[in-house]
Amino acid sequence: MRILPLLSILLLLTGASAGAVPVITFDELPLANGQVVDTDFAGLPGPTIANIIASNVGGGPDLAVLFDSLATGTRDPDLEGPNWAVGNTDLTQSLGNLLILQENSTGCGDDVCDLPDDEGSRAAGVLELVLSEAVLSFGIDLIDIEDSGPSEPGSFTFFDDAGASQVTVSWSELEAGGAFDQGAVFGNNSLNRIAPITAASLGLSGIDRVAINLGGSGAIDNVVLGVNEPATLALLASGVSGLLWMGRRRSS
């Protein structure tokens, strides 16, 4: 029985992982702080975001806008990092561009808002990500989500089959002990990394659209679109280990 060299196996695993799980960081766009984002990400490999639809509840301009989290002296210091105040991941991370639901229309006529600031109304509104194709898992970073209670009832709504099926997951379900426990810790200047939630766990065959329902201020980053179930690579790795064991046994 011929066994692939270990290096070749590792390259296969690495390639599968990289191809299967694109991450959209909003730093791919060579755009300015305050840039209105209504374009797609068609130049990126794999599944991507085909359209972004912004809807303000609080009377804002219905615009999705880039916010430079590395800037200082902004209109919202709670979106400035690194050294985030609370959260469930490494709080020293530099995130770069975030995507916000813009609160004001100052200077936005040229598609670069002069005063980028996230909508702070309760509720704030919705950032809807329309995907280029259905995926099997969806992950994301949530920044400066202040609360998960009734005063700021934020959530994800996942859609399948062009909106024929949908499932909503509230922010509270992402906290410790919740149905989709991610150990999220919400608050001012928070950073929570939501590991990919699978379509299967939602009872969906795929995810082709995600509405991010903002109960108050906040931003998003690092959108992870998976075309394989997270268990797939673990299963493949297990199979490779078995092949290696069988090869060693035959040699002996």
- Query: Do we have any residue at all in region 128-146 that's over 14 Å from the mean Cα position of the chain (by Cα), part of a loop (DSSP other than H, G, I, E, B) and surrounded by fewer than 18 Cβ atoms within 10 Å (Cβ to Cβ)?
  - Reply: no
- Item | Check on Arg193, within 16 Å of Leu142 (Cβ to Cβ), in the same structural domain as Gly87 (by TED's automatic domain parsing) and of a type in the set (Lys, Arg) | yes
- Some residue of region 199-216 being in contact with a strand residue (DSSP E or B) (Cβ under 7 Å, 6 or more places away or on another chain) and either without any contact (Cβ under 8 Å) to a residue 12 or more places away in the chain or more than 29 Å from Ala162 (Cβ to Cβ) (or both): no
- Query: Taking the stated definitions as given, is Asn51 more than 28 Å from Glu175 (Cβ to Cβ), modelled with pLDDT of 90 or more and assigned by TED's automatic domain parsing to the domain that holds Ser172?
  - Reply: yes
- Task: Would you check if there is a residue in region 168-181 being at negative phi, surrounded by fewer than 19 Cβ atoms within 10 Å (Cβ to Cβ) and modelled with pLDDT under 95?
- Result: no
- Query: Among the residues of region 125-137, is there at least one that is modelled with pLDDT of 95 or more, of a type outside the set (Gly, Ala, Ser) and farther than 22 Å from Thr157 by Cα?
  - Reply: no
- Note on the structure: Residues of region 94-123 being within 18 Å of Glu152 (Cβ to Cβ), part of a loop (DSSP other than H, G, I, E, B) and modelled with pLDDT of 95 or more, in sequence order, are Glu103, Asp117, Glu119
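The values are calculated or read from the model by the stated rules, or taken from the named source; none is laboratory data. Keep in mind it's a predicted model, so treat the numbers as computed, not measured. Counting neighbours? That spans all protein chains shown, and the Cβs are built from the backbone with ideal geometry, glycine included.
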